[in-house]
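See below for the structure under consideration.
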Amino acid sequence: MNRLGLTAIVFYLNLSHAFVPPKSPCVSMKLSDHVKIANIDLKPVIASTLATVQILFSLPSFANENSVSAFEEAWSYTNKFYIDKSHNGNDWNEVHERFQKDIESGRSKQTDAITEMLKLLGDKYTRLVNPSIYRSLTKFDIVGVGMLLAPNQDGVLAVSAKPMKDSSADQNDIEKGDIVLEINGIPTKTMNAFDVIDFFSNYDQPTIQFTVAKSENGVPRKVVLRREFAEISNPIEFEMDESIAGHKVGYIKLKEFNAIVADKVKEAILQLKAKGADEFVLDLRGNGGGAFQSALNTAGLFMNEKVITNMVDGEGGKVTFKSSKDAILLDSPLVVWIDRKSASASEVLSGALQDNCRAVLIGKRSFGKGLIQAVYGLMDGSGLILTVARYETPKGTNIQGTGILPDIETNSSKLNHRVDQSA
């Protein structure tokens, strides 16, 4: 048994035929007419406790934090952007009035009022986190300078939360509410929140220049901020398997989708290809998710200009996310392994690869966590994690409560499975 316990996943390639996996609609898929998965016994994996953290770019921010309490911030974000516009059947204006009276009378502290208010939504994913937990979420920060960016109430890109203590942004006197006029000389008026995500997802330099001001018409100031990701652990393991003569299978295990996962997967693919790998296994078992944009970037390694997912908000608005033209593994056979603990960002990735006929999925039905949370920094240093939208796969499958169904189902982590089916 080798280091990761992978004995063999082998493809007998015969591209003159089409391989059609059970339950798969991809009738034109050309992987092989024989897939043999033999003697696989991988060590157990633990589900991530951060499965609910999806997006660190909050949608709006308050321009003048001094006039707004943390409770007012939390109520306003929830009123405007919570996915269920009925707020679980609660009159949200009446809720505001009730808890505000409790705060003003001293019967309730702000933190307690926010916590009790959020309980009314009946949503286990929406919650208040303390400052230390909020700071820990920086491992999903793809900017790397210790600040979160979002359009403010006027639609202008701004610093949406107090910068992390001792971060590059903090050391350069960036404050919550500061307007971001330019990023590396690019005017932000031409960018929405998702353009910002795309920019940083593809930006790999150690420093970055921001032009900021205290107001949209304020005096601009250029600052060069240092990007740091030193405390982020490597989220992948990989190895080559050559236990079956004539086959070199690259195995990549993804433990979570943090800020560096796409870069690390890319490095693994390139190293495995350099060793001769031409068949690949992507293991997402036990991967509870992470940063949404990291799932997008990882999907983009395997396919060019394809729909990865659709994001649908509480009013039915839909945003479609596509991969770029930067794929590095377009044609090699690919198997994606999922189980009941594969959730959220894992389901975005596996659903995209399946619907685009880029991979064969094996294992068990995934968890079915298709809700999207945004993280909002509040003025007291705490964080509000709020459900704002849901995912759909490229072909319109609602992931929430349904999950992703594998093409080849198995109830065991030790597989002996053979498919022999031609189109």
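The values are calculated or read from the model by the stated rules, or taken from the named source; none is laboratory data. Not measured: the values here are computed from a predicted model. In this analysis, Cβ positions are derived from the backbone assuming ideal geometry, glycine residues included, and neighbour counts consider all displayed protein chains. In case anyone asks, the SASA skips ligands and DNA or RNA and just uses the protein heavy atoms, side chains included. Shrake-Rupley method; radii C 1.70, N 1.55, O 1.52, S 1.80 Å.
When the residues of segment 341-383 are filtered to those that are among the charged types (D, E, K, R) and assigned to a loop (DSSP other than H, G, I, E, B), the one that is nearest to Leu282 (Cα to Cα) is Arg358.
One line per residue, one yes/no per condition, for (1) among the hydroxyl-bearing types (Ser, Thr, Tyr); (2) surrounded by fewer than 15 Cβ atoms within 10 Å (Cβ to Cβ):
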| position | (1), (2) |
| --- | --- |
| Gln209 | no, yes |
| Val212 | no, no |
| Ser215 | yes, yes |
| Phe238 | no, no |
| Gly246 | no, yes |
| Val249 | no, no |
| Ile252 | no, no |
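Filtered by the rule that a residue be more than 23 Å from the chain's Cα centre (by Cα) and of a type in the set (S, T, N, Q), segment 152-166 gives a lone residue, Gln153.
Taking the options Ala262, Ala277, name whichever one is assigned to a loop (DSSP other than H, G, I, E, B), among the small types (Gly, Ala, Ser) and crowded, with 21+ Cβ neighbours inside 10 Å.
Going through Ala262, Ala277 in turn, just one is assigned to a loop (DSSP other than H, G, I, E, B), among the small types (Gly, Ala, Ser) and crowded, with 21+ Cβ neighbours inside 10 Å: Ala277.
Restricted to segment 322-339, and to residues there that are open to solvent by 20 Å² or more (accessible area, probe 1.4 Å) and touching a strand residue (DSSP E or B) at 6+ places or on another chain (Cβ under 7 Å), the residue that is nearest to Gly403 (Cα to Cα) is Asp339. For segment 354-373, a residue qualifies if it is aliphatic (A, V, I, L, M) and under 10 Å from Ile404 (Cβ atoms), and exactly one does: Leu361. Inside segment 347-386, residues that are hydroxyl-bearing (Ser, Thr, Tyr), under 27 Å from Ser160 (Cβ atoms) and surrounded by 24 or more Cβ atoms within 10 Å (Cβ to Cβ) make up a count of 1.
Taking the criterion of being modelled with pLDDT under 75 and within 19 Å of Gly381 (Cβ to Cβ), the residues of segment 117-151 that qualify are Arg135, Ser136, Leu137, Thr138, Lys139, Phe140, Asp141, Ala150.
Among the residues of segment 95-116, are any in contact with a helix residue (DSSP H, G or I) (Cβ under 8 Å, 6 or more places away or on another chain), under 14 Å from Tyr376 (Cβ atoms) and either open to solvent by 80 Å² or more (accessible area, probe 1.4 Å) or in contact (Cβ under 8 Å) with a residue 24 or more places away in the chain (or both)? Looking for residues that are in contact with a helix residue (DSSP H, G or I) (Cβ under 8 Å, 6 or more places away or on another chain), under 14 Å from Tyr376 (Cβ atoms) and either open to solvent by 80 Å² or more (accessible area, probe 1.4 Å) or in contact (Cβ under 8 Å) with a residue 24 or more places away in the chain (or both), one finds at least one in segment 95-116, hence yes. Figure legend. Inter-residue proximity from segment 198-214: first residues closer than 13 Å to Glu228 by Cα, second residues open to solvent by 30 Å² or more (accessible area, probe 1.4 Å) and in a strand (DSSP E or B), beta-carbon distance below 9 Å, spacing 6+ or different chains. Indicated pairs: Pro206/Arg226; Thr207/Val224; Thr207/Arg226; Ile208/Val224; Ile208/Arg226.
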